[in-house]
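See below for the structure under consideration.
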Amino acid sequence: MKVTFIQRLFVIFQLATKGKVKQLSDICYANPDRLRARDRKAANVLHHAAGAGQAAVIEFVTSFPGGEERKFVGVPLVSSFWSESLKLFQVVM
């Protein structure tokens with residue numbers, strides 16, 4: 001069965017969400033353009049990592065060659081992180 005482009009992107013987002021830096025690194029060094037991918041809500045790898053609280057992935061993405069352009073993604077990234085944090089807080093309460 002052939003893997004589609006969308007399925008390959010989904011894997012990138014899953015790795016970021018789960019904090020799998022080594023696997024994400026292997027894919028990104030093989031094809032750096034994968035870090036520019038966005039899902040249907042326009043979220044990128046950094047958003048997925050921040051939403052899941054994956055600091056190691058955030059560090060990897062922002063230090064990856066060309067990552068300086070991803071360091072300052074602004075409010076949407078912070079919003080993604082806090083949105084997920086609030087969901088966790090509501091579950092605990």
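For the stretch 1-40, what are the residues that are among the polar types (S, T, N, Q) and in a helix (DSSP H, G or I)? Give the steps one after another, and end with the answer.
Quick first cut of the stretch 1-40, residues among the polar types (S, T, N, Q) only: 4, 7, 14, 17, 23, 25, 31.
Those that are among the polar types (S, T, N, Q) and in a helix (DSSP H, G or I): Q7, Q14, T17, Q23, S25.
Quick one: is P65 touching a Pro at 6+ places or on another chain (Cβ under 9 Å), surrounded by fewer than 15 Cβ atoms within 10 Å (Cβ to Cβ) and modelled with pLDDT of 85 or more? No: the conditions fail for P65.
The values are calculated or read from the model by the stated rules, or taken from the named source; none is laboratory data. Just so it is clear, the structure is predicted and the values come from calculations on it, not from any experiment. When we count neighbours, we look across all protein chains shown, and the Cβ atoms used for this are built from the backbone with ideal geometry, even at glycine.
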